[in-house]
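J.: What follows is a structure written as structure tokens; I'll ask about it next.
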Amino acid sequence: MSGPVGNSNTPDASIVAFPGRRPLQIAFDRFELQKILNLYGRMVAAGFWRDYAMNFEKDAAHFSAFRRAAERPQARIEKRPALRGKQGMWTLFGESGQVLKRGHELSGVLSPLERKLLKVVD
């Protein structure tokens, strides 16, 4: 075979990777959302939370939990994949915006909220 097609000995032949597209917004996957909503349901049953909101942006996804709908969120869980290799893509914020916990695993970041559900039994 002589010609440009099928000739692998040509020096100018190169493979160009298809450019990866970044998603237009960051979202929670099914298992992450299941874990967050499971905690939310238990907090509602315990009387701590009554409402929630989700916000999906191009850099981060947020889940906010409220005592009442008109207040600031009591807790906010943020997923920011750009920080995956640094301090972890998960962050838990408190009511006044302070960082309560950061981490690479969602279950570790949710642990301070899980502790509120524990009760001492005599």
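The values are calculated or read from the model by the stated rules, or taken from the named source; none is laboratory data. Just so it is clear, the structure is predicted and the values come from calculations on it, not from any experiment. FYI the Cβ positions are ideal-geometry reconstructions off the backbone, even for glycines, and counts take in every protein chain you see. The area values use the complete protein model at the heavy-atom level, side chains included, leaving out ligands, DNA and RNA. Shrake-Rupley method; radii C 1.70, N 1.55, O 1.52, S 1.80 Å.
J.: Report, in debye and to the nearest 20, how large the dipole of the stretch 60-107 comes out about its Cα centre when Lys and Arg carry +1 and Asp and Glu carry -1 on their Cβ.
T.: That gives a dipole near 80 debye.
J.: I need the calculated FRET efficiency for the pair Lys58 and Lys119, taking r as the beta carbon distance and R₀ as 35 Å, to the nearest 0.05.
T.: 0.30
J.: Another question, then. Kindly report, to the nearest 10 Å², the accessible surface of Glu57 as traced by a 1.4 Å probe over protein heavy atoms only.
T.: 80
J.: Decide, for the stretch 48-122, between rounded, prolate and oblate: order the square roots of the alpha carbon gyration tensor eigenvalues as a ≥ b ≥ c, take rounded if a/c falls under 1.5, and otherwise choose prolate if a/b is larger than b/c, else oblate.
T.: oblate
J.: Counting pairs of Cα atoms in the stretch 21-90, how many percent are more than 17 Å apart?
T.: 47
J.: Cross-link candidates for Lys86: which lysines have Cα within less than 25 Å, leaving aside residues fewer than 8 places away along the same chain?
T.: The reachable lysines, counting only those whose Cα sits under 25 Å from Lys86, are Lys35, Lys58, Lys101.
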